[in-house]
Amino acid sequence: MNPGVAIAALAVVSVATAVIGFYGLRISRTTGDFYVASRTVRPWWNASAIGGEYLSAASFLGVAGLILLSGTDALWFPVGYTAGYLMLLLFVAAPLRRSGAYTIPDFTEARLDSQVVRKVTSLVVVLVGWLYIVPQLHGAALTIRITTGLPSWVGSVAVVIVVCLTVVAGGMRSITFVQAFQYWLKLTALAVPILFIIFMLAGNGTPALSPPAVNPTSLAPAGAYQNVSLLVALLFGTLGLPHVLVRFYTNPDGQSARRTTLIVLGLLSVFYLFPTAYGLVARVFAPGLARAHQADAMVLLLPGELVGGAAGDLLSALVVAGAFAAFLSTTSGLVVSLAGVISQDVLGGEVGGFRLAAVISAVVPLGFAFMTDSLALAGSVGLVFAFTASTVCPVLLLGIWWRGLTDAGAIAGMVTGGILCGGAMIAGALVGASNLAPWLAQPAAWTVPAAFAVMVVVSRATAHRLPKTMARVMTRLHTPERPLATER
């Protein structure tokens, strides 16, 4: 595509994001505004913001690329990403909002009455957040290199600068406006080009659903274990993502948190139709885009490949704008959630500490991104989901629904899940192709049950450590509030 058009698209998105973020500064004054938008975000607005931050580089670029490479095997990604929100609706959304906490460590400390649990949870949350930011920066680097010809580092640095400006300016309230805007931009940026392409192909008399003459698959078909393990990672990992969970603290009450989650399910279901369509159309009409290291860029390249000319450039520019919005929105959500944790545990919890923590939260993963190479975006994010499912998710589910959880059990389970999952991923990368590789590359099917089992067994063995506040906290989690009279 035309590099000038791509640069213009990136500039427009960056400026729009900064302007909206600075608008939030006008009404962000208190600590509550910066951490949870003073718990006044209504369901539709919050659902759009969740869609903005949840639909990351993996959703915008990676899913379509995997469908291009491996066909129906990759459909587990959009299914798992969406179904994870159903798990949130059923088990987490309302109780977590009723907890009154600002962050996940706040929740675990209140539930288990333990500073040690809080510290361990904080370390895990920060690690998860940094691991998740790195693929966003890799995606930005890929987009910049493919569409403009500029050095890859420009994309990563641009994301960090824009995110730091918007988060430091207005915190959670500011980012809520930004992310809600970016969801609808991402949806439009995917929907308009692919619908244009489909109508163009149909108008040319081309059978859009005919099978490809040459199968572009370059990945080995996933086995049953890999598919099951991936689904476990996506379903349970969604329950532990810090930037998603912090959003439920911004709702006025538990009822609105549930309503928000229902709306998000609809928004995600609509969105994932379009990456799937990109992958299917590319398998039929542009299988050459499946060549090595180009699959993640397929969404960016398809309009130019099939449409061409000025129309192709304009459609490509729209896709580039949506892709950059994906990197910005997810990274900003992660930075807000990490800044809340770091500022409260290390920097005193005031607005100044939050702003410094936001800069730290963005700059550290930038260093990791410079030192690492990009994997397949959807695959790398899937590994983060596996790690989250093995650490944060068990302590949340058991903390909400089981009275027998103790601080010792929570710590033992998180440490066990983190060591097993992290060790498996490292070993899988070292072992390569072997009989053990699927068990190591997709470890969630056994690391998640192991983490739950260790939490239960150790909690049973340390039942004398049950907190005295347990009954009061559990009652608060499961007692519905009276709806606010002003709720719409």
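The values are calculated or read from the model by the stated rules, or taken from the named source; none is laboratory data. Note that this is a predicted model, so its numbers are computed, not measured. As a convention, Cβ positions derive from the backbone with ideal geometry for all residues, glycine included, and neighbour counts pool all protein chains shown. When the accessible area is computed, the model is the full protein with side chains, heavy atoms only, and any ligands, DNA or RNA have been set aside. Shrake-Rupley method; radii C 1.70, N 1.55, O 1.52, S 1.80 Å.
Looking for something under 30 Å from L289 (Cα atoms), at pLDDT 80 or above and part of a helix (DSSP H, G or I) - is there at least one such residue anywhere in the range 13-33?
Step one: filter the range 13-33 for residues under 30 Å from L289 (Cα atoms), giving 13-14.
Checking which are at pLDDT 80 or above leaves us with 13-14.
Applying the additional criterion that residues be part of a helix (DSSP H, G or I) yields 13-14.
There is at least one residue in the range 13-33 that is under 30 Å from L289 (Cα atoms), at pLDDT 80 or above and part of a helix (DSSP H, G or I).
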Worksheet item: Taking the range 211-255 as the search range and keeping residues that are over 23 Å from the mean Cα position of the chain (by Cα) and modelled with pLDDT of 80 or more, which one is most open to solvent (accessible area, probe 1.4 Å)?
Response: A224
Fill in: Evaluation of I175 against (1) at pLDDT 80 or above; (2) in a helix (DSSP H, G or I) (one fails), failing number
(1)
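Of all helices (runs of 4 or more DSSP H) completely enclosed by the range 397-488, which ones contain at least 1 residues that are over 19 Å from L127 (Cβ atoms), under 28 Å from the mean Cα position of the chain (by Cα) and modelled with pLDDT of 95 or more?
On the way: elements: 407-431, 437-441, 444-461, 470-478.
The helices (runs of 4 or more DSSP H) meeting that bar are 407-431, 444-461.
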Worksheet item: Do you know which residues across the range 304-359 are part of a loop (DSSP other than H, G, I, E, B), in contact (Cβ under 8 Å) with a residue 12 or more places away in the chain and not charged (D, E, K, R)?
Response: V307, G349
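Restricting attention to the range 277-300, report how many residues are under 11 Å from A64 (Cβ atoms) and open to solvent by 30 Å² or more (accessible area, probe 1.4 Å).
Our first condition is that a residue be under 11 Å from A64 (Cβ atoms); within the range 277-300, this holds for 277-283, 289, 295-300.
Subset that is open to solvent by 30 Å² or more (accessible area, probe 1.4 Å): 280, 283.
Number of matching residues: 2.
Would you check if Q136 is open to solvent by 20 Å² or more (accessible area, probe 1.4 Å) and either within 22 Å of V160 (Cα to Cα) or not basic (K, R) (or both)? Explain how you work it out, then say what you get.
Details: open to solvent by 20 Å² or more (accessible area, probe 1.4 Å): no; either within 22 Å of V160 (Cα to Cα) or not basic (K, R) (or both): yes.
Judged against the criteria, Q136 is not a match.
Considering only the range 454-464, state which residues are out of contact with any helix residue (DSSP H, G or I) (no Cβ under 6 Å at 6 or more places or on another chain) and closer than 23 Å to P95 by Cβ.
Start the filter on the range 454-464 by keeping residues that are out of contact with any helix residue (DSSP H, G or I) (no Cβ under 6 Å at 6 or more places or on another chain), which leaves 456-457, 460-461, 463-464.
Once the filter is applied, which keeps residues that are out of contact with any helix residue (DSSP H, G or I) (no Cβ under 6 Å at 6 or more places or on another chain) and closer than 23 Å to P95 by Cβ, the range 454-464 yields V456, R460, A463.
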Worksheet item: Out of (1) among the aliphatic types (A, V, I, L, M); (2) modelled with pLDDT of 90 or more; (3) crowded, with 21+ Cβ neighbours inside 10 Å, the odd one out for L127 is which?
Response: (3)
Fill in: Count - residues of the range 417-432 that are touching a residue at least 24 places away in the same chain (Cβ under 8 Å) and either over 16 Å from G237 (Cα atoms) or open to solvent by less than 40 Å² (accessible area, probe 1.4 Å) (or both)
4
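Can you name every residue in the range 102-124 that is in a helix (DSSP H, G or I), open to solvent by 40 Å² or more (accessible area, probe 1.4 Å) and either of a type outside the set (D, E) or more than 18 Å from M455 (Cα to Cα) (or both)? Steps first, please.
Pass one, the range 102-124, residues in a helix (DSSP H, G or I): 104-112, 115-124.
In the following step, the residues that additionally are open to solvent by 40 Å² or more (accessible area, probe 1.4 Å) were identified as 109-110, 115-116, 119, 123.
Hits for the range 102-124 are A110, Q115, V116, K119, L123.
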Worksheet item: What are the residues in the range 79-101 that are out of contact with any Gly (no Cβ under 7 Å at 6 or more places or on another chain), open to solvent by 10 Å² or more (accessible area, probe 1.4 Å) and assigned to a helix (DSSP H, G or I), if any?
Response: V79, T82, A83, L86, M87, L89, L90, F91
